[in-house]
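To start, the structure itself, in structure tokens.
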Amino acid sequence: MISFPVYFRVRQLGPDGTPTGPARTLKCDDPGTFTVGKSDDADVQLDGAAVSRIHLSLVLAARSVAVRDEESTNGTFVNGNRVAEVALEAGDRITIPGWELEFAPVEAEAQPGTAAPQAPPAIVLSRIVEGAGAPPPGPVSQLAAIFGSAPEIGLETIRASGHPVEEVRFLSVGGGLGSFVWIDHLRCYGIPAGQVATIGTETVPYRTYQRYCKNSQIPDHERLRSNSLSRPDNIWGFPGYAMREVGKRGFFKGIFQVFGEPTLAESYTPRAGDVFESLDVEARRIGWQQMFRQGQARGLRKTTDGRYVVAYQPRGEGAGGDRLRFIVADVVHLSTGYPATRFVDDFQNFVAQHPERRGLVANAYEEHDAMYAAIEQTRDPVYVVVRGRGIVASRVIQRLSEARKKNPNLQILHSIRSRLGPRDGAVYKRAKRLVRNNVEIQPFNWPKSCWGGDLRFEYERASEERRGVILNTLGGTSTAERSDWVEIAERGAEEGWYRVVYGSISELDPIEGQADRVRILIRTPEGHNEELFAHFLIDCTGLIADIRRSPFLADLLDTYNLPRNHAWSKQGEKRGPTGLKVSNDFEIEGLRNNRGRVYAAGTITTGGPYLAVDSFLGLQYSALRSVDHLVTERLHAVPDLTPFRSLGGWLKWMGGSTP
């Protein structure tokens, strides 16, 4: 039995891992779950570049106290051992980069009038107490007290909590491109803006995607990996981006590229800036800001009257003192995107154990422009290791080749797990991918027929096992065949400043006495070790799609025991879970609540009825299917988009008129 209140001594750690400054006390008066991280949403805020937004949770129950890592980037350690979740005993020390929390369950309370030590600057500890009394519980513990463990909740309970409650007919959780496309369909079908709401952390729906693009070296003037008709701002897809660009590039050149791709010309892809500009125009047209609620979704529950309630924590200007709000809706749409950036174990361990060397390693989806600036500001030899192959690795290598124009002594070492020969491309039936420079070549991330051709029909009608095999075969890393990328690799190899190293990184360590370098040990396929000494490592291994890394989705999975899709091997062996199981109309049938419906879109539906879920056209397709499903069911007064109404809607779109 645990006696409350319980305490944690909190200390800031220096670069060498020793405490700096005075210890402070975290007081927990009652059982509950308290989050720790650098986000404003965390119950306990700890600053630091290597601290995740929500790094860990302290789980306090009547009989035990435990710590749970929230799939943090750099890990949670208890007494020096990395943990996922473990019960604590008195004296146990929890460490995360730059911080230590010591479990001290029976510490005496500070005496009134005791002088509080001065907190270090730029550190916010919302539940740290220095004297008598603790602040009120944070929003996470407030929500746990309101929702409890019941799968359904009455609106009278929500209203009795004293928090603001709003009611709408349609609600999208995520606030990104998936939410935007779904709401754009609703508006074009004839749903008024006043009946729709969306919750998201970014006020601009494409901001997260734009940040990923910029960090992975795709600025606004560079091209995305998407085709002309994949227009998230235009549910009709016509006119496409190519027609918009024809006037800028010359009519005949633009027409030749579109109609000659991919045999006579490189496949057309739009510039990132053109896509974002078009989205801004459509957002104004449909009244996006009127429907947008800035905040972090915390939980979803069915209501006893056949609807749903979503709790969110407001953010940004105007959030006010009340830190929890509720929206009740008849129909909910989930499109929360990727839960996290992928950090492989050796990368995470390096950052956690050597935060002072953080500037030497970066994930391609992080902001890391300082690396290129440092390369360009010197004429000394600089060695950069790029790990991974695919579209992001190609773009990073292109950016490094641009930096090499200012520093010709730059050497690029490309770490690839295994060699791919010209005949090693993936094979599906009679089709086979081309291989160039150890990378499989494909204009888009999936074969084009996955979006609307034979493969879409075949995959949708397939069994779960067959879907898994198709997904395994057609997925994987590939890149577009762009002449400049091919030329960079071939010229670099010929001139000696670009070299491929085959194998897996087995060790990543700092070099004693050399603060500007890291040691990288690569285990080759032949079983040998190759040791590299690099100034920078750029990891291009991608984004994590494990939906349990989202606390919101993990709570939903646990509360309603929702079924999952699974990965399958090419041999038909069932493997680990992937996305949420949805119907062919993208409904999460496990969340049906009388007339209430919940739909999902994007990467959280991986393994479901559609292959290219993580694409512009994939978001459009899932939105079309789910909104058409609402029309067919006739439960929520969504009008049918008949040919004449569709033509009228398109003319309004062309003229920039409100739907």
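The values are calculated or read from the model by the stated rules, or taken from the named source; none is laboratory data. As the structure is a computational prediction, the values presented were derived from the model and not from experiment. Every residue, glycine among them, receives a Cβ derived from its backbone with ideal geometry; neighbour counts consider all protein chains shown. The accessibility values were calculated without ligands, DNA or RNA, using every heavy atom of the protein model including side chains. Shrake-Rupley method; radii C 1.70, N 1.55, O 1.52, S 1.80 Å.
Under conditions of 10 °C and 1.306 mPa s, the stretch 452-581 yields 82 µm² s⁻¹ as its translational diffusion coefficient, taking Rh as the Kirkwood radius over Cα pairs in the Stokes-Einstein equation. Here the dipole of the chain is about 1840 debye; that uses its Cα centre as origin and unit charges on the Cβ of Lys and Arg (positive) and Asp and Glu (negative).
Counting charges near Phe536 (Lys, Arg +1; Asp, Glu -1) among other residues having Cβ under 10 Å from its Cβ returns a value of 0.
For the stretch 541-659, divide the Cα radius of gyration by the Kirkwood radius and give the resulting Rg/Rh value with two decimals.
Here the Rg-to-Rh quotient is 1.05.
Take every DSSP beta bridge whose two residues both sit in the chain, then give the antiparallel share in percent to the nearest 5.
On the way: 75 of 118 bridges.
Within the chain, antiparallel bridges account for around 65 percent of the total.
What the Cα convex hull of the stretch 320-405 gives, in volume per residue, is 216 Å³. On a C-alpha basis, how far is the centre of the stretch 137-208 from the centre of the stretch 641-659 in Å? Whole number, if you could? The distance from the Cα centre of the stretch 137-208 to that of the stretch 641-659 comes to 28 Å.
Using the heavy atoms of the protein chains and a 1.4 angstrom probe, tell me the accessible area per residue for the chain in square angstrom. The partial results should precede the final answer.
Working: 28480 Å² over 659 residues.
Accessible area per residue, the chain: 43 Å².
If the Kirkwood radius is taken over C-alpha pairs of the stretch 358-478, then at 4 °C and 1.567 mPa s the Stokes-Einstein diffusion coefficient equals 77 µm²/s.
Can you classify the chain as rounded, prolate or oblate using the Cα gyration tensor, where a ≥ b ≥ c are the square roots of its eigenvalues, rounded means a/c under 1.5, and otherwise it's prolate if a/b beats b/c and oblate if not? In terms of gyration-tensor shape, oblate.
From the helices alone, meaning DSSP H stretches of at least four residues, give me the mean residue ellipticity at 222 nm for the chain, per-run term -39500 (n - 2.57), in deg cm²/dmol to the nearest 500. Write out the running numbers ahead of the final one.
Working: 18 runs with 183 residues, N = 659.
Using -39500 (n - 2.57) per qualifying helix, the result is -8000 deg cm²/dmol.
Between amide H atoms placed 1.01 Å from N, distances below 5 Å from Gln442 occur with Thr479, Ala480, Glu481, all of them 5 or more places distant or on a separate chain.
In the stretch 457-542, what GluC sites (Glu not before Pro) fall in a loop by DSSP, with at most 11 other Cβ atoms inside 10 Å? Kindly include the intermediate steps, with their values, before the conclusion.
Details: sites: Glu458, Glu460, Glu464, Glu465, Glu481, Glu487, Glu490, Glu494, Glu495, Glu507, Glu512, Glu526, Glu530, Glu531; in loops: Glu481, Glu512, Glu526.
Within the stretch 457-542, the qualifying GluC sites (Glu not before Pro) (loop, at most 11 other Cβ atoms within 10 Å) are Glu512, Glu526.
The label-point distance for Ala61 and Glu487, in a model that sets each label 7 Å from Cα toward Cβ, rounds to 6.3 nm. Of the solvent-accessible surface of the chain, computed with a 1.4 Å probe and all protein chains present, 51% belongs to carbon and sulfur.
Out of every Cα-Cα pair in the stretch 484-529, what percent are more than 18 Å apart?
54
If you count, for each residue, the other Cβ atoms within 10 Å and average over each peptide, how do 533-543, 70-80, 187-197 line up from highest to lowest? Write out the running numbers ahead of the final one.
Working: 533-543: 22.0, 70-80: 20.5, 187-197: 18.8.
Per-residue Cβ counts within 10 Å, averaged per peptide and sorted highest first, yield 533-543, 70-80, 187-197.
Report the percentage of all Cα-Cα pairs in the stretch 579-631 whose separation exceeds 18 Å, rounded to a whole percent.
Details: 303 of 1378 pairs.
In whole percent, the long-distance tail amounts to 22.
Across the chain, Cα pairs under 8 Å and at least six residues apart give a relative contact order of 13 percent.
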